[in-house]
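Notes for the one structure printed next.
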Amino acid sequence: MVELGIRHLPLCCSLLLGFLLVLGCVVTEGIIATVGTDATLLCNYDAKYYGKLPVCWGRGAIPNSGCANEVIKSDGTSVVHRLTERYLLMGNLGEGDVSLTIRQVQESDSGTYGCRVDIPGWFNDHKHQVTLTVVAVRPDPLMVQTREVKERSVTIRWSPVFDGGRPITSYMVDLKNKQTSWDTGVRTEISNPEVTQVTLVDLRPAKSYNIRMFVVNSIGMSEASNVLTITTKEAAPEGPPLDMRMEALTSHSIKVTWKPPSADLRNGVLQSYSVSYREYDPAGRQFKRWQHQSVTATRELESLILGNLKPSTKYGILIQAKTKAGIGPASTAPLCTTLDEVQTTSEVVTVTPTSTDTTMQRQDTSSFTTAVESVTDAIDWEQSTTSFTSVPPDPPVVELKEVIDTSISLCWTPGFEGYSPITGYYLEYKALNASWDYTKAVIDFSPNQTEATIIEINPSIYNIRMFAKNSLGTSKASNILTITTGRTGHQNIDSATTVSSDPVSSDPVSPDPLSPDPVSPDPLSPDPLSPDPVSPDAAAIVNGSHNGHLAAIVMPVVLVVLIVATVTTWRIRRVRRKEGSLSLWVSNGPLRFRGSESLQEL
């Protein structure tokens, strides 16, 4: 018996080894999924033969019993336990489909998963093992929307998108002219991934642009977003009419011809021209108020015959182009003298003032002129009203967060509301050497916004300041930031013209009033017809003995202004002591002189 047992020992060992091999046999497969998708790990058994059986899924190698790190379990009919809602058994349990579906997989879901079907009997369990590999991808493309379009800026916004499994590191903004290819565009990087809105500034008025965006993570760059096509709003022309010429036809008429401003300075569709003219004395000094005529813009060479003029008289003429947005700078030419009158009879001219403008047409024959003239349409000075209200808000405090190439990140801290909630903010910016009167753009922000990202298309050095608004008015200007953009350099698109506040550079001609035929009608620069306010630093250039004459005129005016200001301040302080806060308002906002010519004539 012992010999028989020893003789069959190798056979028993072989059977035991085979049994152990069968017991440890596990079917293994691998699948690859991308972040954000649903991954299904297959596992099936013969439910028709065995009936509905319990099943479990776990992470890691399948142990001798049960499931390690169990993520989901079923009793054969329904799920009785799951780790999170992302783990689902979406197959038909009645047919033995116990495949595991993981919703929106992440890179952390990578690893080995084991399926165990509890089949009755020793060592009968069905085991299936799956290796899941989840890989990150590029972010999804953005859907970009236009928020606001102005003359020189556009604000765009977007909603967050799927990051591809890796954090978004930056955004790319492409801008180009509509008629050109993307190869000629400007690309700007936004390094703050939390930004969902950006303003592109320094665009050209009445121009069409294309804008697109990209999202970047550590894997790569997304596909391009939808392409926005925007057309900036029109603005007042930046250039004067060209090639202005004057010719005396008769003793009572002058013909004026001119061409439109340069195409890149029109800033829109030209609607009309304003032609202003007036008389000058033999020494070249003006002494009549401006008269105006309007000419519809129809062709590339415009002309107008001015009639009912005086013989042997010098006339100065200015021409300005108009768009729907406003009027541009004036084109000037040397004074033109009408022809001599052939008849020897004298002519008596009677000036009858109208009822609507008697004070402006009253003539003073003395050397001291007291009429204040305006080249543009007569200003309607509305009667000031007195109201007792609270004060406007305090200005915000602006801080610079960072400047990366042409991308500027700002934040601001609101000031005192002024007893009325702040309804919004607006930002002004200009070139470093320009005047605030020539502000290039105004960007509006909501009352809840305290930070913004701005993309400067044409790199330069800029000043930036902000204002707060509420129902009572607008705050004073905030602190001024000086910012330099684009140190690495970028290709420019439609480079904008910066208007200088230098009075010398803005004055095209400096006439000699003592010359018998001056080169220019009068010291009009900065141009009194310009729609923009004249810089406080602007001054007319006068030569020779005319300086003394100008001083004699200006000094009494300065004294009168100082006296009026002193009396007004004293009266306001008295009212404030009695009633509290006094505010003077005009329905069209604060009043200011436009141009310097009126001040010269006082």
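Of the numbered conditions (1) open to solvent by 50 Å² or more (accessible area, probe 1.4 Å); (2) farther than 26 Å from Glu234 by Cβ, Thr296 fails exactly one; give the number of that condition.
(2)
Determine the pairs where a residue that is among the acidic types (Asp, Glu), located within the stretch 189-200, has a partner that is open to solvent by 50 Å² or more (accessible area, probe 1.4 Å) with Cβ atoms under 7 Å apart, the partner being 6 or more residues away or on another chain.
Within 7 Å, the pairs are Glu189/Ile404.
If you take the residues in the stretch 306-340 that are of a type in the set (Lys, Arg) and closer than 18 Å to Ala236 by Cβ, which one is surrounded by the most Cβ atoms within 10 Å (Cβ to Cβ)?
Result: Lys322.
If you go through the stretch 260-280 one residue at a time, do you hit one that is free of Cβ contacts under 8 Å to residues at least 24 places away in the same chain and among the polar types (S, T, N, Q)?
Pass one, the stretch 260-280, residues free of Cβ contacts under 8 Å to residues at least 24 places away in the same chain: 262-263.
With among the polar types (S, T, N, Q) added as a condition, the list becomes 262.
Within the stretch 260-280 (the criterion being free of Cβ contacts under 8 Å to residues at least 24 places away in the same chain and among the polar types (S, T, N, Q)), the answer is yes, since at least one residue qualifies.
For a quick check of your reading of the model, give me the residue pairs whose first member lies in the stretch 38-53 and is over 18 Å from Leu132 (Cβ atoms), whose second is β-branched (Val, Ile, Thr), with beta-carbon atoms closer than 8 Å and at least 6 apart or on different chains.
Between residues of the stretch 38-53 that are over 18 Å from Leu132 (Cβ atoms) and residues that are β-branched (Val, Ile, Thr), the close pairs are Tyr45/Val55; Tyr45/Val98; Tyr45/Val117; Tyr45/Ile119; Tyr50/Ile119; Lys52/Thr77; Leu53/Val117; Leu53/Ile119.
Against the conditions (1) open to solvent by 70 Å² or more (accessible area, probe 1.4 Å); (2) in contact (Cβ under 8 Å) with a residue 24 or more places away in the chain, where does Leu93 fall short? Just the number, please.
Unmet for Leu93, out of (1) open to solvent by 70 Å² or more (accessible area, probe 1.4 Å); (2) in contact (Cβ under 8 Å) with a residue 24 or more places away in the chain: (1).
Quick check on my filter: what residues within the stretch 85-110 are small (Gly, Ala, Ser) and under 50 Å from the mean Cα position of the chain (by Cα)? Don't jump to the end; show me each part of the working.
Our first condition is that a residue be small (Gly, Ala, Ser); within the stretch 85-110, this holds for 91, 94, 96, 99, 108, 110.
Selection gives Ser108, Ser110.
Taking Thr146 and the conditions (1) in contact with a Lys or Arg (Cβ under 9 Å, 6 or more places away or on another chain); (2) not in a strand (DSSP E or B), which numbered condition does it fall short on, given that it satisfies the others?
Thr146 satisfies all of (1) in contact with a Lys or Arg (Cβ under 9 Å, 6 or more places away or on another chain); (2) not in a strand (DSSP E or B) except (2).
Quick one: in the stretch 111-169, which of the residues that are charged (D, E, K, R) and more than 30 Å from Ile72 (Cβ to Cβ) is farthest from the chain's Cα centre (by Cα)?
Here is the first cut: in the stretch 111-169, the ones charged (D, E, K, R) are 116, 118, 125, 127, 138, 140, 147-148, 150-152, 157, 163, 166.
Among the residues that remain, those that are also more than 30 Å from Ile72 (Cβ to Cβ) are: 138, 147-148, 150-152, 157.
Working: Arg138: 29, Arg147: 10, Glu148: 8, Lys150: 7, Glu151: 9, Arg152: 7, Arg157: 11 Å.
Of everything passing the filter in the stretch 111-169, Arg138 is farthest from the chain's Cα centre (by Cα).
Please tell me if Ile461 is among the aliphatic types (A, V, I, L, M), at pLDDT 90 or above and open to solvent by 50 Å² or more (accessible area, probe 1.4 Å). Before the answer, list the steps.
Numbers: among the aliphatic types (A, V, I, L, M): yes; at pLDDT 90 or above: no; open to solvent by 50 Å² or more (accessible area, probe 1.4 Å): yes.
In short, no.
Any residue at all in the stretch 128-140 that's closer than 30 Å to Thr229 by Cα and among the hydrophobic types (A, V, I, L, M, F, W, C)?
Filtering the stretch 128-140 down to residues closer than 30 Å to Thr229 by Cα leaves 137-140.
Applying the additional criterion that residues be among the hydrophobic types (A, V, I, L, M, F, W, C) yields 137.
The answer is yes, given that some residue of the stretch 128-140 is closer than 30 Å to Thr229 by Cα and among the hydrophobic types (A, V, I, L, M, F, W, C).
Here's a check for you: in the stretch 379-403, which residue that is modelled with pLDDT of 80 or more and open to solvent by 60 Å² or more (accessible area, probe 1.4 Å) is nearest to Arg187 (Cα to Cα)? It would help to see each step written out before you state the result.
Kept after step one, since they are modelled with pLDDT of 80 or more, are these residues of the stretch 379-403: 392-403.
Remaining after also requiring open to solvent by 60 Å² or more (accessible area, probe 1.4 Å): 394, 397, 399-402.
Values: Asp394: 37, Val397: 30, Glu399: 25, Leu400: 22, Lys401: 21, Glu402: 18 Å.
Only one residue fits best here, namely Glu402.
Quickly run through the stretch 70-80 and pick out the residues that are of a type outside the set (Gly, Ala, Ser) and either under 50 Å from the mean Cα position of the chain (by Cα) or open to solvent by less than 80 Å² (accessible area, probe 1.4 Å) (or both).
The initial filter retains those residues of the stretch 70-80 that are of a type outside the set (Gly, Ala, Ser), namely 70-73, 75, 77, 79-80.
Glu70, Val71, Ile72, Asp75, Val79, listed by residue number.
Within the stretch 404-425, take every residue that is modelled with pLDDT under 90 and on the phi > 0 side of the Ramachandran plot and give me the one that is most open to solvent (accessible area, probe 1.4 Å).
Tyr419
The values are calculated or read from the model by the stated rules, or taken from the named source; none is laboratory data. No experiment lies behind these values; they were computed from the predicted model shown. Glycine gets a Cβ as well: all are built from the backbone with ideal geometry, and neighbour counts include every protein chain shown. For the accessible areas, the whole protein counts, side chains as well, though only heavy atoms, and no ligand, DNA or RNA atoms are used. Shrake-Rupley method; radii C 1.70, N 1.55, O 1.52, S 1.80 Å.
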